[in-house]
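Chemist: Take a look at the following structure, please.
The values are calculated or read from the model by the stated rules, or taken from the named source; none is laboratory data. Being a predicted model, the structure only gives us computed values, none of them experimental. Note that each Cβ is placed from the backbone with ideal geometry, even for glycine, and that neighbours are counted across all protein chains shown.
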Amino acid sequence: MGEVKEKFTHGEPIKLCDSVFLFHQPEGPAQLEVVFVHGLVDDNWEDAYWKTWLARDGTPNNVWPMTWLPAEFPFAQVYALKYDASIKQTATDGRMDLFLVGENLVQEMVIFGQIGQNRVPVVFVCHGFGGLVAKQIVVSAKSRFSQDIKAQNLLQNIRGFCFYSTPHRGLVLAKYLHNGKSGGKGPLLENMEVLNTERSRLSEAFEKAKLPSWYFASAAETHATSQLSNYVFALVSSCLRMFLFHFRQY
């Protein structure tokens, strides 16, 4: 394991592997695992796993899943996933399609991150396209890794999804997002277009793979950028509290 060489407000995320970072580890045994999944970007995707979650409260590099969330849920182990989320395709970026992204993340989550292996509830918090990535993780674990015990442990321990601005049915403006960008259109951006066959197939496969014990919360992006972090934190906090209430009943 290695540490990320960035200056953060409170500590630094711990790199468990290329795709999984540990944002917070509780002092005692974890009672909950929260996995943050970022969306697409048009600039440096290498930093998206933490820049997506900046608090924008005037404090430099205050990543709220590392600060605000642990203060309210100190018993939660918090992770962030990282993947090539570029909307453009160049010699180095935007080379993987959604299937490959999901397949890679499943392996790194359960092998290096040990996510879903500790018999505690797992909740995904997804921004934008990250919701489709989370769905692909589920579908890949169910089909591609059906004989893998760790992948099946992950599925059995998932309890909730919090989707924020996820284009479940596509995004009308998706076909215009690449205009003016250098390089070709990345394969992930195509999944966001309204009439995209692969996204439709993913939705169908996810509906078949999901378990009755899973809970879902969704919200659209309606707030100004300056208010976004506070709103998303409040949304995630309320979702986790609701999920935890249901977990205790389950």
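Chemist: From Phe99, Phe112, Phe73, Phe124, which residue is aromatic (Phe, Trp, Tyr) and touching a Gly at 6+ places or on another chain (Cβ under 9 Å)?
Modeler: Only one candidate qualifies: Phe124.
Chemist: Follow-up question, since we're still on this one. Please pick out the residue among Ala48, Ala30, Ala76 that is under 17 Å from Gly128 (Cα atoms) and either of a type in the set (Ser, Thr, Tyr) or in contact (Cβ under 8 Å) with a residue 12 or more places away in the chain (or both).
Modeler: Exactly one of Ala48, Ala30, Ala76 is under 17 Å from Gly128 (Cα atoms) and either of a type in the set (Ser, Thr, Tyr) or in contact (Cβ under 8 Å) with a residue 12 or more places away in the chain (or both), namely Ala48.
Chemist: Just to be sure I understand the filter: pairs with C-beta atoms under 6 Å, separated by 6 or more residues or on different chains, first member in the stretch 200-222 and under 15 Å from Phe129 (Cα atoms) and touching a residue at least 40 places away in the same chain (Cβ under 8 Å), second member of a type in the set (A, V, I, L, M, F, W, C) and assigned to a strand (DSSP E or B). Which pairs pass?
Modeler: Ser218/Phe163
Chemist: A follow-up question, please. Just name the residue that is surrounded by the fewest Cβ atoms within 10 Å (Cβ to Cβ) out of those in the stretch 10-27 that are more than 23 Å from Met96 (Cβ to Cβ) and free of Cβ contacts under 8 Å to residues at least 40 places away in the same chain.
Modeler: Applying the filter and picking the extreme gives Ile14.
Chemist: Those residues that are exposed (fewer than 15 other Cβ atoms within 10 Å of the Cβ) and of a type outside the set (Gly, Ala, Ser), I need them from the stretch 58-67; list them, please.
Modeler: Thr59, Pro60
Chemist: Can you pull out every residue in the stretch 121-137 that is modelled with pLDDT of 95 or more and of a type in the set (A, V, I, L, M, F, W, C)?
Modeler: Val122, Val123, Phe124, Val125, Cys126, Leu132, Val133, Ala134, Ile137
Chemist: Something else about it: Return the residue satisfying two criteria in turn: it lies in the stretch 86-120 and is of a type in the set (D, E, K, R) and either over 22 Å from Leu132 (Cα atoms) or part of a loop (DSSP other than H, G, I, E, B) (or both), and of such residues it is modelled with the highest pLDDT.
Modeler: So the residue we want is Arg119.
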